[in-house]
Amino acid sequence: MNDRFATKVVHAGEGKGKPYGAVTMPIVQTSTYAFADTQEILAFLEKKEAGNPNRRDEYGRYSNPTQTATERKIAALEGGERALLFATGMSAITTVLLALLSQGDHLVIASGTYRQTQNFILDHLTRWGIESSFLADGSAHKLEQALRPNTKLIFCEAPTNPYLRVIDLDHVSEVAKRHGIPTAIDSTLATPVNLRPLEHGIDLVIHSATKYLGGHNDLLAGVVVGARPQLDAIETLRGVLGGVGSPHDAYLLLRGLKTLDLRIRRQNGSGQQIAEYLSRHPRVHAVYYPGLESHPDHLVATRQMTGFGGVVSFEIDGDKDQTSRVIDRLRIPYIGPTFGGVESVAQQQAIFISLDPEERASSGISDNLIRYAAGIEDPEDLISDLDQALRESAVPDVSHR
Ligand SMILES: *Cc1c(COP(=O)(O)O)cnc(C)c1O
């Protein structure tokens, strides 16, 4: 099937001829599946042992028809052989790490990866004797030096959060292949609209589908895409660890995916416009957005991505409280963590990290950093809202003194 992306988001993975002539994939709300008789069980087990993917469902922790349709759609969007759905992005990430690594192994991880991914590696994988080395932002050229004889995985993320660093995937996969080391990427911020890592030779693509893929701030899910037999091994462990997605969330995700192309195109446009607006603003002293020529990874991003998404990070001229005032003056976005939904969300990252100034300082996130994640609202409205917030918050609020 050679449909283009915008057709695939609607049709891939589902097919016509659904039960009852339904146009939408039903939510198959069941925990288990009954067999007509012993003969049917034996026929099922034969297919299962042969690894036949076109077998019926058995029990909800292993598969569910709504989940399978969602997995097939995402596999088609990433151009992968298979996808596996999980209850959360973290469940996808931890299951992949546990499936691929054993005691005595070493992994290389890019330093800008999601905080909880790092926490799992540093606080938990170490308990089972798995070592890691961090590859600093912008030092992909040092990847080869970070490898050890026992390196069993290279894990990166692009773009990273909140500085939107974009690692050169062609380089990563070239080095990895030369050494026979599997690669995985958390591609949550990119989405398959903007970046398709498998086409750059990366083995496993992971998403927190909670963000752009779901797109409506109403579900938690994670997904891993790649080829057999790696995916089969991850599926077996998913069945053991049990971090499987629910049929209802799979349905919400399937529904959200149908507008993925439309939403991301809008968010790419808004992100670029907001970044350009902010980079001209006198109260803003730094803007981090890969679509700006000033971004350190602009060239790599332009080469491997087709859009740069709706997340823009920026630092204002001001301290922690002045930055909070900008956030509190914003009228349209919600204040909180997360991004990728139809509603814009803004946050002062440092506030979420810790109440302790020292801990904040060691995180590398400055107190005056704002992460602005554009939703699908009219970008002109988002910009005039930012404009009034930056203007009004510049005046010290005497009532707080
Ligand atoms: C949110 C996020 C995760 C974790 O996903 P959950 O669905 O919240 O478990 C992992 N990686 C990135 C880049 C994220 O933004």
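The values are calculated or read from the model by the stated rules, or taken from the named source; none is laboratory data. The structure displayed is predicted, hence computed values, not measured ones. Here the Cβ is made from the backbone with ideal geometry for all residues, glycine too, and neighbour counts use every protein chain on show.
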Any idea which residue in the range 153-167 is nearest to D367 (Cα to Cα), counting only those that are within 11 Å of the ligand (Cβ to nearest atom) and either not in a strand (DSSP E or B) or not assigned by TED's automatic domain parsing to the domain that holds D186 (or both)?
-> P162
Any hit, the range 248-265, residues being more than 19 Å from the chain's Cα centre (by Cα) and touching a residue at least 60 places away in the same chain (Cβ under 8 Å) = yes
Yes or no: Q347 touching a helix residue (DSSP H, G or I) at 6+ places or on another chain (Cβ under 8 Å) and under 18 Å from V311 (Cβ atoms)?
-> yes
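For the range 12-62, what are the residues that are hydroxyl-bearing (S, T, Y), part of a loop (DSSP other than H, G, I, E, B) and farther than 19 Å from I74 by Cβ? Walk me through how you get there before you give the answer.
Just the residues of the range 12-62 that are hydroxyl-bearing (S, T, Y), to begin with: 20, 24, 30-33, 38, 59, 62.
Filter once more, so that each one left must be part of a loop (DSSP other than H, G, I, E, B): 24, 30-31, 33, 62.
Correct list: T30, S31, Y33.
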Breaking point among (1) within 16 Å of the ligand (Cβ to nearest atom); (2) out of contact with any helix residue (DSSP H, G or I) (no Cβ under 7 Å at 6 or more places or on another chain), for L98 = (2)
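Looking at the range 168-190, which of the residues that are over 21 Å from V244 (Cα atoms) and within 13 Å of the ligand (Cβ to nearest atom) is nearest to the chain's Cα centre (by Cα)?
L189
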Assuming L237 fulfils every condition listed in (1) among the hydrophobic types (A, V, I, L, M, F, W, C); (2) under 21 Å from V9 (Cα atoms); (3) not in a loop (DSSP other than H, G, I, E, B) apart from one, which condition is it?
-> (2)
Failed criterion for L135 (all others in (1) more than 17 Å from V96 (Cα to Cα); (2) of a type in the set (A, V, I, L, M, F, W, C); (3) within 16 Å of the ligand (Cβ to nearest atom) hold) | (3)
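Considering only helices (runs of 4 or more DSSP H) fully contained in the range 338-401, which possess at least 2 residues that are modelled with pLDDT of 90 or more? Explain how you work it out, then say what you get.
Details: elements: 349-353, 357-362, 379-392.
Counting at least 2 such residues, we get 349-353, 379-392.
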